[in-house]
Amino acid sequence: MENFIKRSAFGAVCSVCFALSAAYGQEATPGFNQLIPKAVMTPDVVETSIGTLKFFDGMPDRATVEKVYDNLDTIRASEAFLNFIPAASLEGVRLGLEGIGVTKSNQVMIFDQLLDSNPLFLTGNTDTVYAIVIFDLKRDGPTVVEIPAGSGPSTVNDAFFRFVVDMGAPGPDRGKGGKYLIVPDSYQGDVPEGYFVAHSSSNINVMVLRGFLVDGKTDAAVRSLKQGLRIYPLSQKDSPPKMEFVSGSRVPFNTVHANDFSFFEEVNHVIQREPVKFIDPELRGLLSSVGIQKGKPFKPNARMVKKLQDGVAIGNATARALLLRPRDKTAFYYPDRQWYSAFVGGDYRWLIAGGEGGRNLDSRTAFFYGYTLNTPAMVLEMVGAGSQYAVTSTDSDGNYLDGSKNYRLHVPADVPAKDFWSVVVYDPQTRSELQTGQPFPSKNNKRDELVANTDGSVDLDFGPEPPQGEATNWVQTVPGKGWWAILRLYGPLKPWFERTWRPGDFERVE
């Protein structure tokens, strides 16, 4: 009876529609028995951004079919680039470490003399001692990480740079140290007690630990890591392998993903290695549309190679615009300044309104094109713990920062950072530290003896030459090259979150 009522109601509505059409004297569309809404129809000729499209009664002609399929493949290639930057970026880190001999979980790459500008490493800082490890949970099974007390903010991410667990001050050990167990989702065995347990959806995972400088030196942090950090498969807990530490300081190596056709080869390697369910069906379908599918060879023909090359070029340009020229006004910290957030939307998962608005794809793309590592500690309001970042690529007039010109940055007194604050300068091509005559293109209030003004504020100078020979507060830039900068606050305090403390913009100095 209910279905009969629904059908009757629908029929009544349709009768009214046709009655109204007749009442207004509207004639049937040529070739049809009834008047067909114009919005349903496709004209014989349509002008678009990809050229003129032609149809015979809605059927695309041969030239149009070829044109739209070319366009579709280019769109899919661009979308694949924009969506899979996280996977390619982490693969770049893995390949970079492999290149300097770090291939096992008990092998640690450590910047024992800080991260200088020789390695290509997405926006790494010059201010903490990084220790980086790659886990292979398929090879090793559940893996134990023992971290020492006093470790700085440290994080494990999966092969798509998704958050797995924090360690150190923002982690469950709260800086007291402890044992963590990283378990693959596929693991069916018992999970012993006595560990902070975290599950990962991927085989490959990266762990980045940070140690803070003491009196501007790395010694204490390096000693703490070398003496207290232990990583081993759970199956070898009774006789764990000896730790090996490989210095990455002063060593030129690359951890940045490709921006040409080889990007897809990097992603294909990830897909072949990881479990199918490592990514969801939508993302798997996107890759399949450009020829990348687990268990199948990636062998695009000459035509598809051209489309992939075109797509990655467009995607690369788009990612650079998102990173360096954000159009989302909510990205900016202050209405009258150039500083904006690396985490647009304030969610480490890039969810809009907790997921009701879906995922902010542009924000995710911008972040992973420019930055390494993903943790809630970089987003949440954790007063006195974690870290916060402000980014800019432009001066006070909105022009790109130019290495041929001179600028001054005013840092007001009482910077709301319990641990330290710094400004680091980056190269727009590599998104890594700017390579100049200075090994560390940065200033740090704990490492550097900065000259302060009488009110406690600090003015930093940026340019190819120091102003009037005064180099104490000067960061060198390169004529003919652009640059951009990140202001970091470790242990951010209330005035940062309340926006009552505001850094100045980069001001041109003649």
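Where a number appears in this text, it was derived from the coordinates with a stated rule and is not lab data. Please read all numbers here as calculations on a predicted model, not as lab measurements. Because the Cβ atoms are built from the backbone with ideal geometry, glycine has one as well, and the counts that use them run over all protein chains shown.
If you count, for each residue, the other Cβ atoms within 10 Å and average over each peptide, how do 167-177, 148-158, 33-43 line up from highest to lowest?
Ranking, from highest mean packing down: 148-158, 167-177, 33-43.
Report the calculated FRET efficiency for Ser247 and Ala302 (r = Cβ-Cβ distance, R0 = 51 Å), to the nearest 0.05.
0.70
Residue by residue, what Karplus-based ³J(HN,Hα) values in Hz, rounded to whole numbers, does the stretch 469-474 have, using 6.51, -1.76 and 1.60 with θ = phi - 60° and x for Gly and Pro?
x, 9, 9, 4, 9, 9
Relative to a virtual label point 7 Å from the Cα of Ser396 in the Cα→beta-carbon direction, which members of the stretch 489-509 show backbone nitrogen distances below 13 Å?
503-509, by backbone N distance to the label point.
For Cα pairs less than 8 Å apart in space and 6+ apart in sequence, what is the mean separation divided by the residue count of the stretch 358-510, i.e. the relative contact order in percent?
Numbers: 294 pairs, mean separation 57.6, N = 153.
After rounding, I find 38 percent.
Taking each pair of different alpha-carbon atoms in the chain once, compute 1/r for the pair, average those values, and report the inverse of that mean as the Kirkwood hydrodynamic radius in Å to one decimal.
25.7 Å
Could you list, in their original order, any pairs among Lys418/Lys481; Lys67/Lys294; Lys418/Lys443; Lys307/Lys329 whose Cα atoms are separated by more than 22 Å? Before the final figure, lay out the partial values.
Working: Lys418/Lys481 34 Å; Lys67/Lys294 29 Å; Lys418/Lys443 17 Å; Lys307/Lys329 33 Å.
The pairs that break the limit, which is 22 Å between Cα atoms, are Lys418/Lys481; Lys67/Lys294; Lys307/Lys329.
How far, in degrees from 0 to 90, does helix 85-99 lean away from the longest principal axis of the Cα atoms of the chain, to the nearest 10?
Long axis of 85-99 versus the principal axis of the chain: about 40 degrees.
For the stretch 87-247, what relative contact order do you get, as a whole percent, if you take Cα pairs closer than 8 Å and at least 6 residues apart?
Details: 345 pairs, mean separation 49.3, N = 161.
For the stretch 87-247, the relative contact order is 31 percent.
Which distance in nm do the two modelled labels at Ala321 and Ala413 give, with both placed 7 Å along the Cα-to-Cβ direction?
4.5 nm
Antiparallel DSSP bridges in the stretch 324-509: what percent, to the nearest 5?
Of the beta bridges lying entirely in the stretch 324-509, close to 90 percent run antiparallel.
Round to the nearest 0.05 the FRET efficiency obtained for Lys329 and Asp238 when R0 = 60 Å and r is the Cβ-Cβ distance.
Computed FRET efficiency for Lys329 and Asp238: 0.55.
Please enumerate, by chain and number, the lysines with C-alpha under 19 Å from the C-alpha of Lys38, excluding those fewer than 8 residues away in the same chain.
Of all the lysines, those that pass the test against Lys38 - Cα under 19 Å, at least 8 places apart if same chain - are Lys54.
Could you work out how much longer the chain between Asp459 and Ala353 gets when fully extended? Use 0.36 nm per residue separation minus the Cα distance between them, nm to one decimal.
Working: separation 106, 0.36 × 106 = 38.16 nm, distance 3.86 nm.
Separation in residues times 0.36 nm, less the Cα-Cα distance, equals 34.3 nm.
Once the Cα atoms of helix 62-83 and of the chain are each reduced to a long axis, what angle between those two axes, in degrees from 0 to 90 to the nearest 10, is obtained?
With rounding to tens, the tilt is 30 degrees.
Please tell me the relative contact order of the stretch 398-442 in percent, rounded to the nearest whole number, where contacts are Cα pairs under 8 Å and at least six residues apart.
Computed over the stretch 398-442, the figure is 24 percent.
Which value in nm describes the separation of the simple spin-label points at Thr29 and Leu361, placed 7 Å from the Cα toward the beta carbon?
Reported label-point gap for Thr29 and Leu361 is 3.0 nm.
What's the FRET efficiency of Leu380 with Lys179 using the Cβ-Cβ distance as r and R₀ = 30 Å, to the nearest 0.05?
With R0 = 30 Å, the Cβ-Cβ based efficiency is 0.75.
Let me have the 222 nm mean residue ellipticity of the chain computed from DSSP H runs of 4+ only, each contributing -39500 (n - 2.57), with the sum over all residues rounded to the nearest 500.
The helix contribution divided over the chain gives -8000 deg cm²/dmol.
In terms of Cα to Cα distance under 13 Å, which aspartates and glutamates are near enough to Lys179, apart from those fewer than 8 places away along the same chain?
Glu146, Asp166, Glu193
Rounded, prolate or oblate: which one fits the stretch 403-510, using the alpha carbon gyration tensor with axes a ≥ b ≥ c (rounded when a/c is under 1.5, else prolate when a/b beats b/c, else oblate)? Please report the intermediate quantities before stating the final value.
On the way: a/c = 1.83, a/b = 1.47, b/c = 1.24.
It is prolate, given that a/c is not under 1.5 and a/b is the larger ratio.
Do any trypsin sites (Lys or Arg not before Pro) in the stretch 292-380 lie in a loop, going by DSSP, with at most 11 other beta-carbon atoms within 10 Å of their beta carbon, and if so which?
Arg327
Once label points are set 7 Å from the Cα along Cα→Cβ at both Ala220 and Tyr187, what is their separation, rounded to one decimal in nm?
3.4 nm
Non-local amide H neighbours of Leu120 (under 5 Å, H modeled in plane, Pro and chain starts lacking H): which ones?
Phe253, Asn254, Thr255
How about the stretch 392-473: which GluC sites (Glu not before Pro) there lie in a loop by DSSP and see at most 14 other Cβ atoms within 10 Å?
Glu449, Glu470
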